Amino acid sequence: MEFTLLWAALTAIGFSWIGTRLWSDRLPDHPTDRLIGAAVGGLVVGRLVAMMLQGINPLVNPLDIIIVRGGVHTGAASIGAIVTYLWADKWRIADLDATAPAAVLGLAGWHAGCLWRGACLGTASGLPWAWAEPGSAVTRHPVELYAAAGLILAAWLVSRLPWRLLTRAGAALALVGLVRLLTEPMRPSLTGGPVGWYLAAVAFGGLAVWLGPRLVGHRITAPT
Amino acid sequence: MPNRNGQSFTMLKRSIVLTLILAACGGTATAGPEDVGGRPDLPATTADEFEAHIGGIDRPAVVNVWASWCLPCRSEAPLLNQAFEQYGSQIEFIGVDVQDNQTDAKAFLAEFGLEFDHFFDRDREVVNFYAGIGTPVTFFFAPNGELFKTHSGILDERTLALNIDELLQLGS
């Protein structure tokens, strides 16, 4: 991992730590550690899947896994992070609700970390706050800062939701997908971006909000 | 708490096994020498020859410096392929293989199917001429060979897409 990515990662950790301080109700112990662990788990899974889709065999080229800039599969990384979190938390699903606002704020930090990486800019724009790459006359949307602002708002909204099973976690997933979906058209891309995964996040998040409270009393206990 | 530790250790073992199974499903991609026998050697170039070549191209160009031994080059190769397929009609894509040997270079090209033009620059003359640092490094040229931007290190999708967009704006 090169240093600019490391700074962005540290910004994400800082934001999630602030989130755990702002919204500390019902949090499990060591919430920031758990979020870092989940992020690392997601990163490993997402990178492995990206490598396989690129035709690079991780067994033949195991060191390629550290080349994070080579690509991380968004959907696999998201699923990997959620599963890692739940596994480390002994599958206490209700804890997802408590950690959700801090997780979303951490993601906002990751996007805001574009300032360290010099990677905030997106498609060309004539808006007054647009700026240009060094040596270029083309001003562009600071799309990653839009995403960061959207995710900060999303974290706050999630923190205001009632304590029902999967309501906060589902809403967080849906709102993260929505923010990425709205900003994706302004993001430079060769592939059009993982729009399908963002739509899936919105759909599954919404489903979790609807389904979660109905699961209480079956095998899962409600948040206390 | 021995039970918790034991359980965690079992889960860890399961995770490692799952990771290895997933990894084994990846494409086996290393081409053997027999796969590259039919491919001609990469043409050798000097800094002067390359400058003349790039100066004669009337559209923007992306010049990627790579080597078969370079780990990050493996990760960015599929991305370059994708960009070539998408923008090959508007932008010239050129590869420069440095500090390498022909056999390994051809195996690398066969492995990733990089079908744009490549040059062989054993002594890094071209890279040094344009003041590039390390491998990989990617040069973005305006039409007629004016160096627009140098990106040292691995390319990610955003960086490549953004710089291609900049080149297209220059060309229009």
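We did not get these values from a lab; they are worked out from the coordinates using the rules stated. Computed from a predicted structure; not experimentally measured. When we count neighbours, we look across all protein chains shown, and the Cβ atoms used for this are built from the backbone with ideal geometry, even at glycine.
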*Ignore the peptide's own chain and count Cβ atoms of other chains within 10 Å of each Cβ in B:72-83; give me the average, rounded.*
5
*Stretch B:Glu51-B:Thr150 to full length: gain in nm at 0.36 nm per residue minus the Cα-Cα span?*
34.1 nm
*asked:* Taking the number of other C-beta atoms within 10 Å as the exposure measure, put B:Trp69, A:Trp87, A:Trp23 in order starting with the fewest.
replied: B:Trp69, A:Trp87, A:Trp23
*What percentages, rounded to whole numbers, describe P(r) for the protein assembly as shown computed over all alpha carbon pairs with 20 Å bin width beginning at zero?*
25, 51, 22, 2
_Mean residue ellipticity (222 nm) of the protein assembly as shown, computed from DSSP H runs ≥ 4 via -39,500 (n - 2.57), nearest 500_ = -18000 deg cm²/dmol
_Using only the alpha carbons of chain A, what is the convex hull's orientation-averaged projected area in square nanometres?_
13.3
*Report, in degrees rounded to the nearest 10, the 0 to 90 angle that the Cα long axis of helix A:74-88 makes with the longest principal axis of chain A.*
40
*Please find the FRET efficiency linking A:Leu153 to B:Glu85, where r is the Cβ-Cβ separation and R0 is fixed at 45 Å, and quote it to the nearest 0.05.*
0.75
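Taking all pairs of different Cα atoms in region B:43-171, averaging 1/r and flipping that mean, what Kirkwood radius in angstroms comes out?
Computed over region B:43-171, the radius equals 14.3 Å.
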_Acute angle (nearest 10 degrees) that the helix A:3-22 long axis makes with the longest principal axis of chain A, alpha-carbon atoms_ = 30
*Please identify which residues in region A:111-142 have an amide N closer than 14 Å to a label point set 7 Å out from the Cα of B:Ala142, following the Cα→Cβ vector.*
A:135-138
*In nm, to one decimal, how far is the modelled label at A:Val60 from the one at A:Trp210, with both set 7 Å along Cα→Cβ?*
4.5
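When B:Lys106, A:Lys90 are ordered from fewest to most other Cβ atoms inside 10 Å of their Cβ, what list results? Could the numbers behind the result be given before it?
Values: B:Lys106 24, A:Lys90 12.
If I rank by nearby Cβ atoms, fewest first, I get A:Lys90, B:Lys106.
For the peptides A:74-80, A:203-209, A:109-115, what is the packing order when you average, over each peptide's residues, the other Cβ atoms within 10 Å and list the highest mean first? All intermediate terms of the calculation are to be shown ahead of the outcome.
Working: A:74-80: 20.7, A:203-209: 17.9, A:109-115: 22.3.
Listed from highest to lowest mean packing, they are A:109-115, A:74-80, A:203-209.
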*Looking only at other chains, what is the average number of their beta-carbon atoms within 10 angstrom of each beta-carbon in A:186-198?*
3
*Determine the shielding of peptide A:205-213 by partner chains: average, over its residues, the number of Cβ atoms on other chains within 10 angstrom of each Cβ.*
0
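Please report B:Glu85, A:Glu184, B:Glu76 as a ranked list, fewest other C-beta atoms within 10 angstrom at the top and most at the bottom.
Numbers: B:Glu85 13, A:Glu184 17, B:Glu76 28.
Lowest to highest Cβ neighbour count: B:Glu85, A:Glu184, B:Glu76.
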*Rounded to the nearest 10 degrees, what's the angle between the helix A:31-53 long axis and the longest principal axis of chain A, both from Cα atoms, 0 to 90?*
60
